């Protein structure tokens, strides 16, 4: 066989091999490479929920906040009610230190309904990927999304599933209202959910998402990135998490109880 015939034969085999690869694995390759690119650009895409290592709870002077039937404590005493605002089911809580909290109280399945109304992700997509039970609650759906990572898309993943998982990773990339990539499982009496953000890295924004049978709570915490104000610690966040509970009197106003009332409960007289 002449030299040119050998070259043409090799080229023909490469073309046939390349076409065969693209036919069977082209879509999977595209989605796998694209998802790993997103993971490098938005690190939270690669994160999955893990357990909190620090479970300590701050016992310093604090205040109790009540809004829309939800009550919890913050381990600081400088909430400025004159600057705090209420907009619908959202409370914008401002502290004189420069830190702030955005509290949202919603009904169950608010996230599922929002996704369906905005056509961001269809119920059919989620049930096809994770099974019908994923739509039983917002917690189940959020958990499924948070547990999805680029490594779930491989060359052996069916192309339709690879496309669906790729769509979920886009949702995961834009969904968290935080600037950090850590995801933690959290739980309190009657509620479970997620903490987004690791306070050790002093991110500008962190978020707590808690899901109960009758209510869903989102607490977005924003702190001054760099200032004389001390960084918010995990034990302070745990104080918020472990004190969250619902009350019967669901008023659409923000109530801030005096510091002394909190102190009397933390340090009862013998």
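Only one of these is surrounded by 14 or more Cβ atoms within 10 Å (Cβ to Cβ), more than 25 Å from residue 44 (Cβ to Cβ) and touching a residue at least 24 places away in the same chain (Cβ under 8 Å): 91, 162. Name it. Answer to the selection: 91.
To keep it simple, each residue is scored yes or no on (1) in a helix (DSSP H, G or I); (2) closer than 22 Å to residue 224 by Cα; (3) in contact with a strand residue (DSSP E or B) (Cβ under 8 Å, 6 or more places away or on another chain).
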| position | (1), (2), (3) |
| --- | --- |
| 157 | no, no, no |
| 166 | yes, no, no |
| 170 | yes, no, no |
| 177 | no, yes, yes |
| 181 | no, yes, no |
| 187 | no, no, yes |
| 192 | no, no, yes |
| 200 | yes, yes, no |
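Annotation: residue 83 fulfils all but one of (1) in contact with a strand residue (DSSP E or B) (Cβ under 7 Å, 6 or more places away or on another chain); (2) touching a residue at least 24 places away in the same chain (Cβ under 8 Å); (3) in a loop (DSSP other than H, G, I, E, B); the unmet one is (2).
If you go through the stretch 202-211 and keep only what is surrounded by fewer than 20 Cβ atoms within 10 Å (Cβ to Cβ) and part of a loop (DSSP other than H, G, I, E, B), you end up with 202, 204.
Screening the stretch 99-127 for residues that are surrounded by fewer than 14 Cβ atoms within 10 Å (Cβ to Cβ) and in a helix (DSSP H, G or I) and picking the one that is farthest from the chain's Cα centre (by Cα) gives 124.
Read-outs: derived from the displayed coordinates by stated rules, not from any lab. Owing to the predicted nature of the structure, the values given are computational and were not obtained by experimental measurement. Note that we place each Cβ from the backbone using ideal geometry, even for glycine, and neighbour counts take in every protein chain shown.
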